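The values are calculated or read from the model by the stated rules, or taken from the named source; none is laboratory data. Here the structure is a predicted model, which is why all the values come from computation and not from measurement. Neighbour counts are summed over all protein chains in view; Cβ atoms, including those assigned to glycine, are modelled from backbone coordinates with ideal geometry.
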């Protein structure tokens, strides 16, 4: 389900797209697909925030897992590439 701007019967501009599995994208759409800046929140609680091109993660982006691990870096065609920063929250029991 899509709630947002339309142009020539295609999703165009800022909007929110919700999938039946619970995933939700909020951000820029162009020619009916994700293009520009946006955030995809997965039903699992994981969340990607960053740049999109032709419906794929492309450019700078950050993937935050529900576990607290964070991948931050450059994305090309949905794959993280180049230098990647990984942050993990690890709790170690008290001594």
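Tabulated results
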item: Matching entry among 25, 71, 17 (being at pLDDT 95 or above, over 10 Å from the mean Cα position of the chain (by Cα) and either in a strand (DSSP E or B) or surrounded by 13 or more Cβ atoms within 10 Å (Cβ to Cβ) (or both)); result: 17
item: Residue ID - farthest from residue 4 (Cα to Cα), chosen from residues in the range 28-49 that are surrounded by 19 or more Cβ atoms within 10 Å (Cβ to Cβ) and within 12 Å of the chain's Cα centre (by Cα); result: 48
item: Residue ID - nearest to residue 82 (Cα to Cα), chosen from residues in the range 28-44 that are touching a strand residue (DSSP E or B) at 6+ places or on another chain (Cβ under 9 Å) and part of a loop (DSSP other than H, G, I, E, B); result: 42
item: Scan of the range 74-95 for residues that are more than 15 Å from residue 47 (Cβ to Cβ), assigned to a strand (DSSP E or B) and at pLDDT 85 or above, ordered by number; result: 74, 76, 79, 81
